[in-house]
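Step one of this worksheet: look at the structure below.
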Amino acid sequence: MTMRRALASAALAVTCVAGQDSARPDSEAETAAAIQGGDLYLVRSVRAVGERIAGIVRRDREPGLVALRADDATCDAAALARAQHLLTSAGAAARGRAWRDLGFGSGTEPRDLVDALERDLAGMTFDATRARLLVDPQRLLPSSGHGNPDEDADASILLATGVAPDEPVVGHYVAHALLDGPSLEGPVTTDALLARSSLAEGSANLAALVLLFGGVGLESEVVSGALHPEDVLGGRLVPETMRTASPVVSSFLEFVYLDGFAQAASLARKGGFSRLTQERKSRRTTRDVLHLDRPPAPPVEILEPALPAALALSPVDRDSLGEQGIVALVSLLTGKDNLGLIAGDGWASDALWRFEPVPESTAKTGDGVTVWVTRWTTDAEANDFSYSLERCLQARFPGEALEDDRQRGGRVLSRADRVYRIEKSGLQVLLRVVPPEIDAKMGPVEKKKGPARPQVPAKK
């Protein structure tokens, strides 16, 4: 029996269940909404979806979301407020200058990425405090039909399951409210943001697809990964920006929504949402998300580089690209996906600093310095990354060769506007990007000394 026929045969039973749910008595929230002139149908619909999602993710409570109608401008403003909490405009601009030095976009990508992740799916979003679900006036309406099954495959699914077109999107947001826990505190690094977002969006879409297909006995197909969020409901369960954003942002969004779903489903197969929830607490880096067969490990500490005081430069942003950031950078610049995977494997930690003139300095903002320090598990993996960095520079500047610097060490590519230095020392690889006039004043980058450790008295 085909999936369409199986879905159609189950439609009557599911429709009857839906009819029973709609007959339930009003809750206090529904009554309050009616008194305040709210959209009672919207409140009831979100409540019904919330009850089903709570059962799917094994929570004994409802999310308590208040659903309100809001236009695009209001939704965008709420998402922007949350994004600013994670990464301020000034921090995003400084990070963008560091990424641009790496050849990782034009400079707007850090802001665009955080904004896209906070906006999430089209038609709905959370308010600034994540306590309310803001819903577009044209979404989740009583008149919303299921479409013509003869013309639209998704219509067959909706007709069979009895699920309205926007209910899986609601389920996505309800799952966020139930599973995500406290928000990240800014400023957040790219690696931490991608790691958290990937399993959060993967979990939310896993719950949304179980809501959609579970009523007709296809939950196992969802958890097995046979069904994908981007392939159903016309792509409503992935953000529109994934298709329209710059290559850098699109690459990261694909990791979050596509790879994140695959990894969340893989974890759920081993122990359901309970196992998934537990793993989310410990897998805080993209390395931990990418390698589910490896135990989570905290990143190796990297101290801030000490620049010559005479340069009057202060750190204005500290980022970490993580393994996935490295994979994306190398893949996009060289066009070699396999080289990207090789370059990122073995990542132990990284820190990307942007140093710029102190406020009282007369130097221009563009005179800043970008320093990227990476740590690797083995010497061979450090060599792979160092080689990949050279390949990236060669792809960016064809015909311009890197040379050995016999006086200061490392490999260097000098241009009129920037000097690029790659230095490898043991398990550490450093990339420094500076204007020529600043490079002439700088020696090897040293680490700032950490706090002195008390000496252990000698044993007598």
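Say whether the condition of being outside any helix (DSSP H, G or I), touching a residue at least 60 places away in the same chain (Cβ under 8 Å) and more than 22 Å from Val232 (Cβ to Cβ) is met by at least one residue in the stretch 80-98. Among the residues of the stretch 80-98, at least one is outside any helix (DSSP H, G or I), touching a residue at least 60 places away in the same chain (Cβ under 8 Å) and more than 22 Å from Val232 (Cβ to Cβ), which makes the answer yes.
Does the stretch 32-41 contain any residue that is in a helix (DSSP H, G or I), at pLDDT 80 or above and not basic (Lys, Arg)? For the stretch 32-41, residues in a helix (DSSP H, G or I), at pLDDT 80 or above and not basic (Lys, Arg): present.
Scanning the stretch 400-437 for residues that are aliphatic (A, V, I, L, M) and touching a Leu at 6+ places or on another chain (Cβ under 9 Å) yields Ala401, Leu402, Val412, Leu413, Val419, Ile422, Val429, Leu431, Val433. For the stretch 314-325, give me each residue that is in contact with a helix residue (DSSP H, G or I) (Cβ under 8 Å, 6 or more places away or on another chain) and either polar (S, T, N, Q) or surrounded by fewer than 24 Cβ atoms within 10 Å (Cβ to Cβ) (or both). Correct list: Val316, Ser320, Gln324.
Of the helices (runs of 4 or more DSSP H) contained entirely in the stretch 154-249, those carrying at least 1 residues that are within 29 Å of Arg287 (Cα to Cα) and in contact with an Asp or Glu (Cβ under 7 Å, 6 or more places away or on another chain) fall at 190-213, 241-244. When Pro295 is tested against (1) touching a residue at least 12 places away in the same chain (Cβ under 8 Å); (2) part of a loop (DSSP other than H, G, I, E, B), only condition (1) is not met. Restricting attention to the stretch 142-170 and to residues that are hydrophobic (A, V, I, L, M, F, W, C) and at pLDDT 90 or above, the residue that is farthest from Arg236 (Cα to Cα) turns out to be Val170. State all residues of the stretch 269-297 that are farther than 17 Å from Thr189 by Cα and of a type in the set (Asp, Glu); if no residue qualifies, say none. Correct list: Glu279, Asp293. Restricted to strands (runs of 3 or more DSSP E) entirely inside the stretch 298-390, those with at least 1 residues that are under 19 Å from Lys424 (Cα atoms) and not assigned by TED's automatic domain parsing to the domain that holds Leu102 are 347-357, 369-376. Restricting attention to the stretch 108-145 and to residues that are charged (D, E, K, R), assigned to a loop (DSSP other than H, G, I, E, B) and more than 18 Å from the chain's Cα centre (by Cα), the residue that is surrounded by the most Cβ atoms within 10 Å (Cβ to Cβ) turns out to be Asp127.
Taking (1) over 19 Å from Trp99 (Cβ atoms); (2) surrounded by fewer than 22 Cβ atoms within 10 Å (Cβ to Cβ); (3) hydroxyl-bearing (Ser, Thr, Tyr); (4) within 20 Å of the chain's Cα centre (by Cα) in turn, Ser250 satisfies each apart from (1). Of all residues in the stretch 204-245, those being surrounded by 16 or more Cβ atoms within 10 Å (Cβ to Cβ), over 20 Å from His176 (Cβ atoms) and modelled with pLDDT of 95 or more number 1. Taken together, the residues in the stretch 351-396 that are surrounded by fewer than 15 Cβ atoms within 10 Å (Cβ to Cβ) and either touching a Cys at 6+ places or on another chain (Cβ under 6 Å) or modelled with pLDDT under 95 (or both) amount to 8.
Could you tell me whether any residue of the stretch 239-258 is over 26 Å from Gly107 (Cα atoms) and small (Gly, Ala, Ser)? No, every residue in the stretch 239-258 fails to be over 26 Å from Gly107 (Cα atoms) and small (Gly, Ala, Ser). Condition test on Ile326, is it among the β-branched types (Val, Ile, Thr), over 21 Å from Pro229 (Cα atoms) and out of contact with any Phe, Trp or Tyr (no Cβ under 7 Å at 6 or more places or on another chain)? Considered against the rule, which asks whether it is among the β-branched types (Val, Ile, Thr), over 21 Å from Pro229 (Cα atoms) and out of contact with any Phe, Trp or Tyr (no Cβ under 7 Å at 6 or more places or on another chain), Ile326 comes out as no.
Exactly one residue out of Val256, Val300 is touching a residue at least 60 places away in the same chain (Cβ under 8 Å) and farther than 22 Å from Ala207 by Cα, and it is Val300.
Counting only residues that are of a type in the set (Asp, Glu) and in contact with a helix residue (DSSP H, G or I) (Cβ under 7 Å, 6 or more places away or on another chain), the stretch 162-180 holds 2 of them. Only one of these conditions is not met by Val330: (1) more than 21 Å from the chain's Cα centre (by Cα); (2) surrounded by 18 or more Cβ atoms within 10 Å (Cβ to Cβ). Which number is it? Single failed check for Val330: (1). Considering only residues that are within 25 Å of Phe385 (Cβ to Cβ) and at pLDDT 85 or above, look in the stretch 436-460 and name the one that is surrounded by the most Cβ atoms within 10 Å (Cβ to Cβ). Per the stated criteria, the residue is Ile438. Among all residue pairs at least 6 apart or on different chains, which show Cβ distances below 6 Å where the first residue, located in the stretch 306-324, is β-branched (Val, Ile, Thr) and the second is assigned to a helix (DSSP H, G or I) and buried (at least 18 other Cβ atoms within 10 Å of the Cβ)? Pairs that qualify, where the first residue is β-branched (Val, Ile, Thr) and the partner is assigned to a helix (DSSP H, G or I) and buried (at least 18 other Cβ atoms within 10 Å of the Cβ), are Val316/Ala94.
Looking across the stretch 158-183, the residues that are touching a Lys or Arg at 6+ places or on another chain (Cβ under 6 Å) and not charged (D, E, K, R) come down to Val169, Leu178.
The values are calculated or read from the model by the stated rules, or taken from the named source; none is laboratory data. Computed from a predicted model, the values in this text were never measured in an experiment. Note that we place each Cβ from the backbone using ideal geometry, even for glycine, and neighbour counts take in every protein chain shown.
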